[in-house]
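Colleague: Before we start, here is the structure in question, set down as structure tokens.
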Amino acid sequence: MAEESAGSGVAGVAEAPVVLEMRGVTKRFGPVTANDDVSLVLHRGEIRGLLGENGAGKSTLMKILYGLYTPDEGEIFVDGERVEIRDPKDAVTRGIGMVHQHFTLIPPLTVAENIVLGAEPRGGALGISLNTEEAVRATEELSERYGLKVDPRDRVADLSVGVRQRVEILKALYRDVRILVLDEPTAVLTPQETEDLFAVLKELVADGLSIILITHKLGELIGVGDEITIIRDGRVVGTVNASRTNEGELARLMVGRDVLLRVEKEAYDPGKVRLSAENLTVRSGTDEVAVHGVSLEMRGGEILGIAGVDGNGQTELAEALAGTRHVESGRVYLDGEDVTRLGADARHERGLAYVPEDRATKGLVQDFALYENNTLKTYDERPFSRFGVIFPKVMRLRAAESLRAYDVRPPDPDARAGSLSGGNQQKAVLARELSSDPGVLIAAQPTRGVDVGAIEFIHRQLLEQRSEGKAILLISLELEEVRSLSDRIVVLYAGRIVGEVGPDATDEEIGLLMAGRTAEEKSA
């Protein structure tokens with residue numbers, strides 16, 4: 001086991017008062033031990049990184065701290081006092097707040113209504129109705145104090161993901177939390193939004209707040225954390241000083257072996273065109289034109305990368321190509337056949353696989369078992385059914401093979417999809433889509449919220465598909481991922497392709513295109 005480090009990444013943090021201590025926490029779910037004798041210390045004004053593979057037990061530990069789970073063993077101390085946290089209300093009373101990986105906001109309500117929900121300022125003749133103006137005023141005051149810019153009167157449904165993240169944090173701060181847990185806060189943020197978030201976190205700790213930051217992105221923790229605690233298979237395997245470590249060491253501690261952080265791929269040898277689009281125009285869910293006359297083609301044996309800031313038409317383009325969104329004008333061709341008017345099922349039957357960007361709502365049915373999710377697209381085909389009769393035993397056997405092949409943990413066909421960690425859900429989607437041996441794969445944000453070991457695995461699967469002559473469209477907000485995997489890169493801005501570059505293009509070249517500019521425009 002790695003030894004605990006002695007110092008702190010920021011001078012004075014180690015000497016600051018201890019605000020939280022978790023001692024010997026153990027949590028079991030039937031035969032599975034999610035947390036095994038885990039101890040953790042947090043000081044005032046510290047950002048404590050919590051790192052581990054998907055399913056290592058990080059989120060379980062934090063859900064115990066927030067009162068969503070009860071530990072089987074162990075103790076929790078807040079400001080030196082032993083406490084029992086039975087539910088989130090107890091946690092908030094003790095000054096503990098948590099921002100979950102999947103947002104808990106109510107979309108039809110305004111920003112202010114979401115922030116004060118459950119702790120509403122009251123008004124009216126009987127003093128029982130929501131004092132809307134007071135809610136707006138409190139939101140504006142919090143927003144100004146912490147530099148988290150929001151409009152209290154905006155509907156959450158109309159906000160970008162980055163702004164929703166700010167609302168979640170303000171919701172916790174409104175309840176006067178002193179300990180803030182952030183579970184994968186950057187999983188759905190753009191690089192710019194991530195920078196803004198970390199600037200805010202530094203302001204919060206300077207104001208005396210203590211933060212536990214769960215993330216899979218090693219570089220982020222090194223850049224913003226003080227101490228980093230690593231959990232593997234439910235146990236703490238080490239705590240390191242953020243300023244004295246590197247990504248390689250963190251990856252080894254996480255996974256228990258050396259991890260290939262750089263992608264190595266074979267020479268580029270493109271084949272025939274497998275999927276193409278001509279002058280594609282697609283509308284968004286709000287009926288705005290999201291894709292404007294896009295034309296592109298993907299060849300066998302190549303990975304075509306799509307780069308761009310989130311919200312520039314990537315989602316609509318992927319769904320239009322996959323057949324899950326209506327095409328207003330233009331054409332989609334799959335192996336030379338016009339499939340524009342065909343749906344997702346017909347395209348899947350013709351060899352197109354699709355990994356959607358939102359695994360939780362578009363990739364899996366959370367309440368279904370993994371064996372049911374594994375055959376969502378093929379349950380009515382042999383060998384899973386015949387003459388309208390479904391064979392669950394066959395479905396389970398085939399699912400078990402896929403889950404083991406794609407390292408889904410646990411590899412239990414009867415496990416409910418919603419019980420898996422985000423990274424294991426992602427691998428379950430990938431297992432289903434690639435098990436049909438498709439000729440074309442559309443992969444949207446394939447490693448979003450996934451740990452470094454799973455990223456390595458998913459990248460290897462994509463490169464294997466490429467080496468087998470498959471055509472792959474890779475859409476990712478991670479610029480380094482696009483550059484390292486892609487053979488060609490096209491950049492989307494405001495729903496239009498503004499340029500095409502090779503994987504050796506500089507960050508500045510791609511960044512200018514992502515902002516809708518070219519090098520010539522900059523020099524002018």
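The values are calculated or read from the model by the stated rules, or taken from the named source; none is laboratory data. Given the structure is predicted, the values throughout are model-derived calculations rather than measurements. With ideal geometry, Cβ positions are generated from the backbone for all residues, glycine too; neighbour counts draw on all protein chains shown. The protein model used for the area step is the full one, side chains on, heavy atoms only, and it has no ligands, DNA or RNA in it. Shrake-Rupley method; radii C 1.70, N 1.55, O 1.52, S 1.80 Å.
Colleague: Report P(r) for segment 12-108: all Cα-Cα distances, bin width 10 Å, range 0 to the bin holding the largest distance, values in whole percent.
Modeller: The percentages, shortest bin first, are 15, 46, 33, 7, 0.
Colleague: Using the Karplus curve 6.51 cos²θ - 1.76 cosθ + 1.60 with θ = phi - 60°, what ³J(HN,Hα) values do you get for each residue of segment 234-247, in whole Hz, with x for Gly and Pro?
Modeller: x, 10, 6, 9, x, 10, 10, 7, 4, 7, 10, 10, 8, 5
Colleague: Right, something else. Long-range amide H contacts for Glu227: which residues qualify at under 5 Å (H placed 1.01 Å from N, peptide plane, sequence gap of 5 or more or a different chain)?
Modeller: Result for Glu227 returns Gly9, Ile47, Gly49, Ala242.
Colleague: Taking square-rooted eigenvalues a ≥ b ≥ c of the alpha carbon gyration tensor, is segment 42-81 rounded, prolate or oblate, where a/c under 1.5 means rounded and, failing that, a/b exceeding b/c means prolate?
Modeller: Judged from the Cα gyration tensor, segment 42-81 comes out oblate (a/c at least 1.5, b/c at or above a/b).
Colleague: What fraction of the DSSP beta bridges in the chain is antiparallel, stated in percent and rounded to the nearest 5?
Modeller: So the antiparallel bridges in the chain amount to around 55 percent.
Colleague: Further question: Expressed as cubic angstrom per residue, what is the convex hull volume of the alpha carbon set of segment 59-136?
Modeller: Roughly 125 Å³ of hull volume per residue.
Colleague: How compact is segment 364-453 by the rule of thumb for globular proteins, expressed as Cα Rg over 2.2 N^0.38 Å?
Modeller: Computed over Cα atoms of segment 364-453, the ratio equals 1.06.
Colleague: Okay, moving on. Under a Cβ-only charge scheme (Lys and Arg +1, Asp and Glu -1), can you give me the dipole magnitude of the chain about the Cα centre, in debye to the nearest 20?
Modeller: 1260 debye
Colleague: What residues have an amide H closer than 5 Å to that of Ser39, excluding those fewer than 5 places away on the same chain, when H is modeled at 1.01 Å from N in the peptide plane?
Modeller: Gly24, Val25, Val236
Colleague: Calculate, in nm to one decimal, what Arg175 and Arg153 gain on full extension: separation in residues at 0.36 nm each, minus their alpha carbon distance.
Modeller: Gain in length upon complete extension: 6.0 nm.
Colleague: Also, I was wondering about something else. Based on the mean of other Cβ atoms within 10 Å per residue, sort peptides 57-63, 279-285 so the most packed one is first.
Modeller: Final packing ranking: 57-63, 279-285.
Colleague: What are the principal axis extents of the Cα atoms in segment 227-340, in Å, biggest first?
Modeller: Result for segment 227-340: principal-axis Cα extents of 56, 39, 25 Å.
Colleague: First check a/c for the chain, with a ≥ b ≥ c the square roots of the eigenvalues of its C-alpha gyration tensor; if it is under 1.5, answer rounded, and if not, answer prolate when a/b is larger than b/c or oblate otherwise.
Modeller: prolate
Colleague: With the contact rule set at Cα under 8 Å and sequence spacing of 6 or more, what percent relative contact order holds for the chain?
Modeller: Relative contact order for the chain comes out at 15 percent.
Colleague: GluC sites (Glu not before Pro) within segment 197-295: which are DSSP loop residues with at most 10 other Cβ atoms inside 10 Å?
Modeller: Those satisfying the criteria are Glu264, Glu266, Glu288.
Colleague: For segment 33-49, in order, what is each residue's ³J(HN,Hα) by Karplus, 6.51 cos²θ - 1.76 cosθ + 1.60 with θ = phi - 60°, in whole Hz (x at glycine and Pro)?
Modeller: 9, 7, 10, 10, 6, 8, 10, 8, 10, 10, 9, 5, x, 10, 9, 9, x
Colleague: Additional query: I need the chymotrypsin sites (Phe, Trp or Tyr not before Pro) found in segment 314-387, filtered to DSSP loop residues with at most 12 other beta carbons within 10 Å of theirs.
Modeller: Here the sparse-neighbourhood loop sites are Phe387.
Colleague: How much accessible area per residue does the chain have, counting only protein heavy atoms and a probe of 1.4 Å, in square angstrom?
Modeller: Using a 1.4 Å probe on heavy atoms only, each residue of the chain averages 44 Å².
Colleague: Taking a ≥ b ≥ c as the square roots of the eigenvalues of the Cα gyration tensor of segment 455-524, is the shape rounded (a/c under 1.5), prolate (a/b larger than b/c) or oblate?
Modeller: The shape class here is prolate.
Colleague: Given Phe198, Leu209, Ile231, which one lies farthest toward the positive end of the charge dipole of segment 130-237, if we put +1 on the Cβ of every Lys and Arg and -1 on the Cβ of every Asp and Glu?
Modeller: Working it through, the farthest residue towards the positive pole turns out to be Ile231.
Colleague: Next up: Please state the charge dipole magnitude for segment 12-63, taken about the Cα centre, from unit charges on C-beta atoms (+1 on K and R, -1 on D and E), reported in debye and rounded to the nearest 20.
Modeller: Once rounded to the nearest 20, the dipole reads 220 debye.
Colleague: Segment 290-369: which trypsin sites (Lys or Arg not before Pro) are DSSP loop and have at most 14 other beta-carbon atoms within 10 angstrom?
Modeller: Qualifying residues, ordered by number: Arg341.
Colleague: Now, a different point. So, counting K/R as plus one and D/E as minus one, what does the shell of residues with Cβ under 9 Å around Arg466 add up to?
Modeller: Its environment carries a net charge of -3.
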